[in-house]
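Reviewing the structure listed below.
The values are calculated or read from the model by the stated rules, or taken from the named source; none is laboratory data. Keep in mind that what you see is a predicted model, and the values were worked out from it rather than measured. Every residue, glycine among them, receives a Cβ derived from its backbone with ideal geometry; neighbour counts consider all protein chains shown. Heavy atoms of the whole protein, side chains included, go into the accessibility calculation; ligands, DNA and RNA do not. Shrake-Rupley method; radii C 1.70, N 1.55, O 1.52, S 1.80 Å.
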Amino acid sequence: MKSLKELIRPNIYALTPYSSARDEYKGRQASVFLDANENPYDTQVNRYPDPLQTGIKEKISGIRGVSSDRIFLGNGSDEAIDLMYRIFCIPGTDNVVAMEPTYGMYRVCADINDTEYRAIVTDESFQPDIDEMLAHTDEHTKLMFFCSPNNPSGNLIGREKLLKALDTFQGIVIIDEAYIDFADCGSMTGLLSEYPNLVVLQTFSKAWGMAGIRLGMAFASPEIISMMNRVKYPYNINILTQRAALEQLSSPEKVEGWVKEIVSERSRMAESLAKIDICRTIFPSDANFLLVRFDNASEVYDFLSERGVIVRNRSRITLCGNSLRLTIGTPQENDVLLSCLSEYAEK
Ligand code: PMP
C-alpha cells in the first residue's frame, strides 16, 4: 500500500479542521454551558449532539469487536462513500475501480466528485475478476469498491478474491457490507489490523431496522477514521438519531430475531418462487432480497404494482436483464407477492 500521505488529497492532508464548541470542551464536569450559542431552554433538542458520538461507538465496539478509534459514523453509509472521494480523489485527475453491477452510489459519488469511475463487469455469477480490476488501475487509482453481499445480485464475493485485492492494490479497498448480517459468514472487520488499506462499510438501515434515522458505519485504521472525522460536518449525526441508535443497540437480541426470520423467509421464498414457472432464475442470495429473472420483467413489474406490490426493476442493470429485485418482507407480505406472481403465471 502507498502511504496515506501519497493517497490523500494534499489539501485534505493539510486541512485545519473546524473546531466545534463541544470538541474543545471534553469530559470535564460541567453544568453551565455557555459555549455554543444554544438556546438554554429545554426542548429535548436544544443542545448540539456529541460530534464524535462516543456512546454509540462504545456500544458498537462491544457488539462488533472493533475498537472505537476504528469506527466512523455517518449520515447513512452514503456519507462514508462520499467522504472516501472527498478525502482521496483529486477531482479531474484521480480514478476509482469498481465491480459492476453493484450499488449505484459509488458511481454517483464519483460523478459528483469529478472522478473517473472504471466499472469492471463481473462474471455471470456476479464474481469480480480481481486481475482484470487490477489491470485497470494506474498511478491515479485511489479506491477499489466491492460490495459483499452484492446489491443487486445478493451474492457474497469470494474471500480469497477480496484478500487478493487487499494484498495487491496500492490504494484503499472499500468493502461494503450493508447486508452482512444476513450472510452465512463473518465480517471482514477482523482483518482491519492486518490491512491498513481496508475500509469496511456497514449500516443501521438493513438488519438493524433503522433506515429512517440515517446512520451508517465505516470501520478502518485509526488514521483513516481520524481523516474522516476531520472532513465530515462537525455535527453530522443529529441528537434524535443518536438517541434512537443507542436504544436499539441496547437490544441486539431483537435484531437477531428479525435476521433469523428474514433469512428463513428468504429460503422459503426461493423455494416457492422456484415452483412458479415464470421465475426463470433465482440467484443465490446472502442478503435480505432475491434477484429473480423472468421472461418479461417489466410486464411482471407492472402487474405487481397494479396490485400495490412494489419491487425493484433491475432490468437495465448490467447482467441483470429481465430481473426484479425482491426484498424479503414479513411472511404475510411475502405471501401477497407469491400469490400475485402465481396469478400472473396462470394468466
Ligand atoms: N450500501 C449498499 C450496498 C446499499 O444497498 C445501500 C442502500 N440500499 C447502502 C449502502 C446505503 O445505506 P445507507 O442507508 O446506510 O446510506
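Miscellaneous remarks
- If the condition is being farther than 14 Å from ASP94 by Cα and away from the ligand (no atom under 16 Å from the Cβ), then the range 131-158 contributes ASP131, GLU132, MET133, LEU134, ALA135, GLY158.
- Test result for ALA165, of a type in the set (Gly, Ala, Ser), open to solvent by less than 10 Å² (accessible area, probe 1.4 Å), closer than 15 Å to LEU198 by Cα and away from the ligand (no atom under 16 Å from the Cβ): yes
- Scanning the range 181-214 for residues that are part of a loop (DSSP other than H, G, I, E, B) and within 10 Å of the chain's Cα centre (by Cα) yields PHE204, SER205, LYS206.
- Set VAL199, VAL231, VAL255: member being touching an Asp or Glu at 6+ places or on another chain (Cβ under 8 Å) and either closer than 30 Å to TYR13 by Cα or surrounded by fewer than 20 Cβ atoms within 10 Å (Cβ to Cβ) (or both): VAL255
- Check on ARG266, of a type in the set (Lys, Arg), surrounded by 14 or more Cβ atoms within 10 Å (Cβ to Cβ) and closer than 30 Å to SER61 by Cα: yes
- Every pair of residues 6+ apart whose Cβ atoms lie under 8 Å, when the first sits in the range 94-108 and is free of Cβ contacts under 8 Å to residues at least 24 places away in the same chain while the second is more than 11 Å from the ligand (Cβ to nearest atom): ARG107/ALA98; ARG107/TYR117; ARG107/ALA119
- Verdict on MET144 being among the hydrophobic types (A, V, I, L, M, F, W, C), more than 24 Å from TRP258 (Cα to Cα), modelled with pLDDT of 95 or more and outside any strand (DSSP E or B): no
- Scope the range 119-141; condition farther than 20 Å from ARG316 by Cβ and part of a strand (DSSP E or B); matching residues: THR141
- Restricting attention to the range 126-149, the residues that are closer than 20 Å to CYS185 by Cβ and touching a residue at least 60 places away in the same chain (Cβ under 8 Å) add up to 2.
- Which listed residue is aliphatic (A, V, I, L, M) and buried (at least 19 other Cβ atoms within 10 Å of the Cβ), from LEU246, LEU338, LEU240, LEU326: LEU326
- Residues that are among the acidic types (Asp, Glu) and under 28 Å from the mean Cα position of the chain (by Cα) were ranked within the range 1-56; the one that is modelled with the lowest pLDDT is ASP23.
- In the range 60-76, residue nearest to PRO222 (Cα to Cα) [restricted to those that are among the β-branched types (Val, Ile, Thr) and assigned to a helix (DSSP H, G or I)]: ILE60
- Qualifying residue in the range 267-281 (condition: at pLDDT 95 or above, in a helix (DSSP H, G or I), over 17 Å from ASN150 (Cα atoms) and over 28 Å from the mean Cα position of the chain (by Cα)): yes
- Options ASP123, ASP114: the member that is away from the ligand (no atom under 16 Å from the Cβ) and free of Cβ contacts under 8 Å to residues at least 12 places away in the same chain: ASP123
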